Amino acid sequence: MPFSDQINSLAQEYLKDSKEIEGVRPPSNELKDKSQELAKRIDSARGRPLFFHYIGSGRGTGPYVELQDGSVKLDLINGIGIHVLGHGHPLVVKSSIKASLSDVVMQGNLQPGLEYLEMSEKLVEVASLGSNIKHAWLCQSGSMANENGLKICRQKTNGARMIISMNKAFAGRTTMMAEVTDNDNYRVGLPRYEEVVRVPFYDKNNPNSSEESLQALKEIIEKHKGNICCFMFEPMQGEGGYRTAPRDFFVPLLETCKKEGIPIFLDEVQTFCRTTEFFCYQTLCLGEYVDVVSAAKSLQNAATLYTPEFNPKPGLISGTFSGSTVALKSGAAILSHLKDEQYMGPTGKVKKINTQFSEMLENLSKTSCKGLISDVEGLGLMIAFTPFDGGKDIMLKTVKKLFENGLMCFGCGSNPFRLRFLLPAILTEKHIAEAGKIIEQTFLDLQKQMG
Ligand SMILES: Cc1ncc(COP(=O)(O)O)c(C=O)c1O
């Protein structure tokens, strides 16, 4: 049988086997103990318990994923934004099998394969819409993509030290990105480098928000003139609470930076593919301002993209790994699928999912869950709300109770602590209705418990 037919038939076998995973189900009594044992081994190997009792079985269909304890969950967090087409998508299964039949597992910058080319070209193609981005440099995590972006900005500004970031920013886990991140809990015991200054992100409850942020930016520029390497920000805040801002908030900030020659660096690690366009700068029509942008998560890999003016001198960015052959091939296939199958744009599938999911939550917040669910906000496949009074303990309790009841989501933000969903782009009305029922029941049960 030709190679391609064998790949197809292998994929069909896998898909047939996973097909029965088509709805939420509880753990099975026979598998529960074995799964607990596996979880304990993970705890012991890494020295920290799992947040959820989640160990995947390797089978899943659409938004449903099967765990080692035999349960099936409705996965609305997707590895914190990785599985943009959900679980067991035929396209991803096929491209993964195909790419795995290769001479090597990993690819690097010195000896790339065609998959490296495919992903780089696809990325530049989608990024260049409405911007002057012309190059993509691959790496393996959002944090590394941000580190590369920062180095590029610093080289361009002759080694300028200060980074302008925003309140409640999240930029990753490396030493420098922990400094850019505005969360003291993520840098306990680390020294401070004092290289980051912050502008407040948009606050929809403050009518003077835009002016105050612009004023803060101007004061920072005045104070650190000649020593600022970039204005680095998330165009929609992720870990910070799923907060959005209108185009009009950003334009004066970006105009001011441009006038001062300060590079504009967008962190789109989480927003990539998720805000109804490939990049949030396209959703907000800000492409003309972008010098450097990072992407990861939905890409199955990570990358730093830049304009020709920001192309760094050889030697500044490199590294052993560019990505696994499977990740590069599948990531490129996902980008083509999202582009060709009407997911993007104001009438695309992503926008429809956003409307239906937000309406479901808004409806609950006005009816049976009034006072329990509030402040629904987000863009595209990134939606969050505040549970109960927004306290940390109740948010965590709600996330765990939802998991027990078959729905996976996660927290974000602080004061208020919020509950976020990173929805897969294959969600249907039926899945959204099912999610609504689980959410409603969980909140009503918790309310009863709390008296
Ligand atoms: C906005 C943003 N930047 C950077 C990162 C870091 O990416 P990674 O975890 O792949 O290093 C994340 C991860 O959640 C993120 O949301």
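The values are calculated or read from the model by the stated rules, or taken from the named source; none is laboratory data. Because the structure is a prediction, the values reported are computed rather than measured. Every residue, glycine as well, gets a Cβ built from its backbone with ideal geometry; the counts of neighbours run over all protein chains shown.
Would the range 332-341 turn up any residue that is closer than 19 Å to LEU427 by Cα, at pLDDT 95 or above and not in a helix (DSSP H, G or I)? Yes, the range 332-341 contains at least one residue that is closer than 19 Å to LEU427 by Cα, at pLDDT 95 or above and not in a helix (DSSP H, G or I). Only one of the numbered conditions (1) within 16 Å of the ligand (Cβ to nearest atom); (2) under 12 Å from ILE164 (Cβ atoms) is not met by HIS224, and that is (1).
Quick check, is PHE421 within 23 Å of THR61 (Cβ to Cβ) and of a type in the set (Phe, Trp, Tyr)? It is true that PHE421 is within 23 Å of THR61 (Cβ to Cβ) and of a type in the set (Phe, Trp, Tyr). Can you find a residue in the range 53-73 that is buried (at least 16 other Cβ atoms within 10 Å of the Cβ), modelled with pLDDT under 95 and not polar (S, T, N, Q)? Looking for residues that are buried (at least 16 other Cβ atoms within 10 Å of the Cβ), modelled with pLDDT under 95 and not polar (S, T, N, Q), one finds at least one in the range 53-73, hence yes. The conditions of being under 15 Å from GLY23 (Cα atoms) and of a type in the set (Phe, Trp, Tyr) are met by PHE403.
Note on the range 134-183: residues that are outside any helix (DSSP H, G or I), in contact with a Lys or Arg (Cβ under 7 Å, 6 or more places away or on another chain) and away from the ligand (no atom under 15 Å from the Cβ) amount to 1.
Considering (1) over 24 Å from HIS337 (Cβ atoms); (2) out of contact with any Asp or Glu (no Cβ under 8 Å at 6 or more places or on another chain); (3) of a type in the set (Ser, Thr, Tyr), the lone condition that SER35 does not fulfil carries the number (2).
Of all residues in the range 248-270, exactly one satisfies the criterion of being away from the ligand (no atom under 16 Å from the Cβ), touching a Ser or Thr at 6+ places or on another chain (Cβ under 7 Å) and closer than 23 Å to ALA136 by Cβ, namely PRO263.
When residues in the range 215-236 are screened for being assigned to a loop (DSSP other than H, G, I, E, B) and without any contact (Cβ under 8 Å) to a residue 40 or more places away in the chain, 1 of them pass. Using the structure shown, decide if THR244 is over 25 Å from TYR186 (Cβ atoms), within 16 Å of the chain's Cα centre (by Cα) and outside the structural domain of SER358 (by TED's automatic domain parsing). No; evaluated as a whole, the condition is false for this residue.
List every residue pair whose Cβ atoms sit under 6 Å apart, with the two residues 6 or more apart in sequence or on different chains, where the first one lies in the range 339-361 and is at negative phi and the second, anywhere, is of a type in the set (Ser, Thr, Tyr) and part of a loop (DSSP other than H, G, I, E, B). Between residues of the range 339-361 that are at negative phi and residues that are of a type in the set (Ser, Thr, Tyr) and part of a loop (DSSP other than H, G, I, E, B), the close pairs are LYS349/TYR343; VAL350/THR276; VAL350/TYR343; LYS351/THR276.
Would you be able to say whether some residue in the range 192-204 is assigned to a loop (DSSP other than H, G, I, E, B) and within 14 Å of the ligand (Cβ to nearest atom)? Looking through the range 192-204, at least one residue is assigned to a loop (DSSP other than H, G, I, E, B) and within 14 Å of the ligand (Cβ to nearest atom). Checked against (1) in contact with a helix residue (DSSP H, G or I) (Cβ under 9 Å, 6 or more places away or on another chain); (2) part of a helix (DSSP H, G or I), SER414 meets all criteria but (2).
Looking only at residues that are of a type in the set (A, V, I, L, M) and within 25 Å of the chain's Cα centre (by Cα) in the range 180-230, which one is surrounded by the most Cβ atoms within 10 Å (Cβ to Cβ)?
VAL180
Restricting ILE334, ILE353 to those that are closer than 15 Å to ALA433 by Cβ and β-branched (Val, Ile, Thr) reduces the list to ILE353. Is one or more of the residues making up the range 97-105 touching a strand residue (DSSP E or B) at 6+ places or on another chain (Cβ under 7 Å) and either within 16 Å of the ligand (Cβ to nearest atom) or at pLDDT 95 or above (or both)? Yes, some residue in the range 97-105 is touching a strand residue (DSSP E or B) at 6+ places or on another chain (Cβ under 7 Å) and either within 16 Å of the ligand (Cβ to nearest atom) or at pLDDT 95 or above (or both).
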